[in-house]
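Mind having a look at this structure? Questions to follow.
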Amino acid sequence: MTEILIRARPVALVAFILWLVVPAFGQVHGLIGDTGGSPVAGAQIVAHNSLGTPNQVSTSAADGSFAMKDLKPGHYQFKAEKLGFADSAMVEQDVTTAGDLTLNLRLGGAEGFWKRLSQAYSDDWRVQPSAGRTLRAALCPRL
């Protein structure tokens, strides 16, 4: 019986040292979809750490799935974005060492982008009534 105790202590000591030395990370996975629930491929998912700096970026696959591995434990803000879509809402979550966090993010419709774009340039396309010109004359002065 003494022999068993002597051998068990080195094993426990090695396990304890490995637990201290090996860094523990968390992971996040999920799906990116549009407002209709269809998967969105090629969307970028950004994880911002508590300092507000991007910690990791992932891209969604053809089925809308994504995975982020080796995230240090802490508080994060997650957001998905893709050209032609409105960004998803910012989601705040804590990542833990033993945690396997699941996030499903929804990108907004593209009409939000086009509406903002048209409002930004609406003054450029407006014909000034004081000029006395028609819209066709303003757009095509040589015709």
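The values are calculated or read from the model by the stated rules, or taken from the named source; none is laboratory data. Note that this is a predicted model, so its numbers are computed, not measured. Methodologically, a virtual Cβ is constructed for each residue, glycine included, from the backbone with ideal geometry; neighbour enumeration extends over all protein chains shown.
Please go through region 61-75 and give me each residue that is surrounded by 20 or more Cβ atoms within 10 Å (Cβ to Cβ) and among the small types (Gly, Ala, Ser), ordered by number.
Hit for region 61-75 is Gly64, nothing else.
Shifting gears a bit: Which ones in region 84-105 are in contact with a helix residue (DSSP H, G or I) (Cβ under 9 Å, 6 or more places away or on another chain) and in a loop (DSSP other than H, G, I, E, B)?
Initial filter on region 84-105 (in contact with a helix residue (DSSP H, G or I) (Cβ under 9 Å, 6 or more places away or on another chain)): 84-86.
Gly84, Phe85, listed by residue number.
Right, something else. Could you check region 47-80 and list, in sequence order, the residues that are over 17 Å from Arg106 (Cα atoms) and basic (Lys, Arg)?
Hits for region 47-80 are Lys69, Lys72.
Which numbered condition in (1) modelled with pLDDT of 85 or more; (2) not in a loop (DSSP other than H, G, I, E, B) is the only one that Gln119 fails?
(1)
Among the residues of region 53-78, count how many are free of Cβ contacts under 8 Å to residues at least 12 places away in the same chain and out of contact with any strand residue (DSSP E or B) (no Cβ under 8 Å at 6 or more places or on another chain). Explain how you work it out, then say what you get.
First, the residues of region 53-78 that are free of Cβ contacts under 8 Å to residues at least 12 places away in the same chain: 53-54.
Now restrict to residues that are out of contact with any strand residue (DSSP E or B) (no Cβ under 8 Å at 6 or more places or on another chain): 53.
Of the residues in that region, 1 qualify.
Which residues, counting only those in region 76-88, are under 16 Å from Val57 (Cα atoms) and loosely packed, with under 12 Cβ neighbours inside 10 Å? Give the steps one after another, and end with the answer.
The first filter runs over region 76-88 and keeps only residues under 16 Å from Val57 (Cα atoms), leaving 76-83, 87-88.
Across region 76-88, the qualifying residue is only Leu83.
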